[in-house]
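First comes the structure, then the notes that go with it.
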Amino acid sequence: MQKATKFFLIFASVIVALTLYVSLLMPYSGLQLVYEGNGSSVAKNFFFKGEVAQLEFRDDIGGNSPLDFYLVPYGQNSSSVLVYSTTTGRSEVKFSVNTSFLPLGLYQVLAKSGGKVWNCDDPSSRYNYERYPWLIAVMQPFQTGQPAPGLPPLTVPYGLGVYIHFDNPNAAQQEYLRMASLAGFKLVGMDMYLAPAYGNWTTRFAGYFPLAQDEREDGLRPLFILDEDPLPSASPNTSAWRDSYAQFAGNATLLFSPYDPVWEIWSEPNSGGAGYPFWKPYPEADFAEVASSAIERVAAAGGTAIAPATAALDPGSENWTWAFLRDLSPKAIRDLAAVSVDPFRVSDPETASADYYAFREMIGWAKPVVCSGWGYQTGEYGWSALTQAQYYCRMYLTNLMNGVPITVLYDLQDDGTSASNAENCYGLIQSGAQTYSSGGPLSPEVSEVYFVKPSYYAIFYLSYSLNGFSFFRAYVNGTPFSEVSAGGFRYTLNASSTNGQGVYLLEFRRGDNVRYVVWSTVGEVSYELPRSYFNSTAITVSSVFGETHRVNASPSGFSFMVGETPEVISAG
């Protein structure tokens, strides 16, 4: 009897597993988004205020209930707005949304019929890219000045950058660069490879000239990482390799000087104590000798050099960087504009504060510290789209409050469509590989796809709201943490004594105007901003997803709830 029961349970489990597998292979039935855009072969979910968004759905849900479509502010529990309703007997549903009547913001499309609900968080989604077309992003262009040479100031958005993986941009990639500019990015990180077999220097850099030109036309500045592919199989510290790499750095700087790039010497040469073995861990002294030659050549050509983009910010990386800096030539130390790090982690962004503090103490504050790569992935093994958006904003804000003038987010676009591959899920824009034939929700007539993720919109709104404002001071749980004065950046609280948890308030200034950004890492909490912070009887509190509300002053101050999504506070 026990053997029969056991056999039955095994058989039932196999049947359930096969049924689930077959159901996953079958096309998703129900309400499927077929098209979102402006009526062309280009599909997109971001629109400038005043544009008309056109949506088309395939409906095979059956039943006799009306089918209602709503817009709901993303990431909030606000009331929904009915934008279209239809009755039974339809196989396709088409309607338009005029964004003239919508405040700036990110909205999710929500459909209801017969007690069922469909939205961008539908758990039945089988592909990493099915969710984002159910979002409508309403944006507005905003003007910023051109990036200046050298290290940028702690002013939004001049030090904000994003990583890409292409040169010689085609039409679609040119649109990605334009989208980066529209979100407020000013720097674009990209690997530039030393390839000795490519002939003369101009030929070697052929694909990078059109990239730099396109970036300049969009108000972007290159941040080129001087790599080699393939890597040497042994230590690079030979005179031939050292001379070749130095020539590579010097010639690149001279040829691209009209574009004022930031030049990064290598990327993550350390083994990475936090599990980042991307490059061979050369001895620090050998790598420092090679890097010294390159840094000196970049500076001699008038360029801005940063190095070495150590992986993580753990004690192993700190010790590696300390040894690397110790072994640089005295001239290279003088010529180095900043020490670059890639502080990837699985914890909250705010935990980087203690690491930055320890890192600076270790290197003796000899040079500014910049962040040349940092990201959080969505997908099956990553974070939710909402959390990624919150984290990308909080990464940038955490870096500003730690006096880090460059923040490069990794990266602009998902590198593929697999939700189980982390490299396919870091982007602020979903992969352009979405096609109807591979299971995506789009019509076969669509030739180009530009769908932004919530993280893209959050960065846009933060940049738009703080455009031209400079970081001034930060508070953690009401205690002063750091500030910028005539003497430059300084900590007012020992960051190593904090664990990153609590309520954060950052003050930004542009002339006489003051704005604050506030968020919590401990869930939603009640917060009171002293009335003396604003010469006003009311303030406006705006989520980075665009939802805005006013708060009137009480005798003691302005009281409101604060959550994990950063909010911008302004007078009036």
For segment 235-251, state whether one or more residues are at pLDDT 95 or above and assigned to a helix (DSSP H, G or I). no
Filter segment 322-341 down to residues that are in contact with a strand residue (DSSP E or B) (Cβ under 9 Å, 6 or more places away or on another chain) and small (G, A, S), then give me how many there are. 4
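Residue by residue, here is whether (1) surrounded by fewer than 18 Cβ atoms within 10 Å (Cβ to Cβ); (2) more than 25 Å from the chain's Cα centre (by Cα); (3) farther than 17 Å from P566 by Cβ holds:
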residue: Q434; (1), (2), (3): no, no, yes
residue: S447; (1), (2), (3): yes, yes, yes
residue: K453; (1), (2), (3): no, no, no
residue: S463; (1), (2), (3): no, no, no
residue: L466; (1), (2), (3): no, no, no
residue: F471; (1), (2), (3): no, no, no
residue: A495; (1), (2), (3): no, no, yes
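Select from segment 198-218 the residues that are more than 17 Å from N170 (Cβ to Cβ), open to solvent by 10 Å² or more (accessible area, probe 1.4 Å) and either in contact with a helix residue (DSSP H, G or I) (Cβ under 9 Å, 6 or more places away or on another chain) or modelled with pLDDT of 80 or more (or both) and list them in ascending order. Spell out the reasoning first.
If we filter segment 198-218 for residues that are more than 17 Å from N170 (Cβ to Cβ), which is where we start, we get 198-205, 216.
Retained after the next criterion (residues that are open to solvent by 10 Å² or more (accessible area, probe 1.4 Å)): 198-204, 216.
Selection gives Y198, W201, T202, R204, R216.
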Going through segment 95-124 one residue at a time, which ones are open to solvent by 40 Å² or more (accessible area, probe 1.4 Å) and either of a type in the set (A, V, I, L, M) or in contact with a Cys (Cβ under 6 Å, 6 or more places away or on another chain) (or both)? V117
Against the definition (modelled with pLDDT under 90, assigned to a loop (DSSP other than H, G, I, E, B) and surrounded by 20 or more Cβ atoms within 10 Å (Cβ to Cβ)), how does G440 come out, yes or no? yes
Go through the residues of segment 282-298 one by one and say whether even a single one is modelled with pLDDT of 65 or more and under 15 Å from P343 (Cα atoms). no
Scanning for something in contact (Cβ under 8 Å) with a residue 12 or more places away in the chain, outside any loop (DSSP other than H, G, I, E, B) and more than 24 Å from S463 (Cβ to Cβ), does segment 506-526 turn up at least one residue? yes
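Picking from V562, V522, which residue would you name as being open to solvent by 10 Å² or more (accessible area, probe 1.4 Å) and β-branched (V, I, T)?
Values: V562 fails: open to solvent by 10 Å² or more (accessible area, probe 1.4 Å).
Only one candidate qualifies: V522.
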With the checklist (1) touching a residue at least 60 places away in the same chain (Cβ under 8 Å); (2) open to solvent by 20 Å² or more (accessible area, probe 1.4 Å); (3) of a type in the set (G, A, S) in hand, flag the one item S536 doesn't pass. (1)
Restricting attention to segment 309-322, which residues are open to solvent by less than 10 Å² (accessible area, probe 1.4 Å) and over 22 Å from Y426 (Cα atoms)? S317, T321
All but one of (1) open to solvent by 20 Å² or more (accessible area, probe 1.4 Å); (2) in a strand (DSSP E or B) hold for L55; which doesn't? (1)
So in segment 395-407, with the set limited to residues that are part of a loop (DSSP other than H, G, I, E, B) and aliphatic (A, V, I, L, M), which one is surrounded by the most Cβ atoms within 10 Å (Cβ to Cβ)? I406
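Of everything in segment 328-344, what is buried (at least 18 other Cβ atoms within 10 Å of the Cβ) and either among the charged types (D, E, K, R) or in a helix (DSSP H, G or I) (or both)? Give them in sequence order. Working first, answer last.
Step one: of segment 328-344, the residues buried (at least 18 other Cβ atoms within 10 Å of the Cβ) are 328, 332, 335-344.
Correct list: A332, D335, D342.
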Can you list residue pairs whose Cβ atoms sit under 6 Å apart, with the first residue in segment 160-179 being assigned to a strand (DSSP E or B) and the second being aromatic (F, W, Y) and exposed (fewer than 15 other Cβ atoms within 10 Å of the Cβ)? Count only pairs 6 or more apart in sequence or on different chains. none
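Can you tell me which residues in segment 369-394 are out of contact with any helix residue (DSSP H, G or I) (no Cβ under 8 Å at 6 or more places or on another chain) and either at pLDDT 95 or above or in a helix (DSSP H, G or I) (or both)?
V370, S372, G373, T387
The values are calculated or read from the model by the stated rules, or taken from the named source; none is laboratory data. This is a predicted model, so every value here is computed, not measured. Neighbour counts are summed over all protein chains in view; Cβ atoms, including those assigned to glycine, are modelled from backbone coordinates with ideal geometry. Side chains included, ligands, DNA and RNA excluded: accessible areas come from the protein's heavy atoms. Shrake-Rupley method; radii C 1.70, N 1.55, O 1.52, S 1.80 Å.
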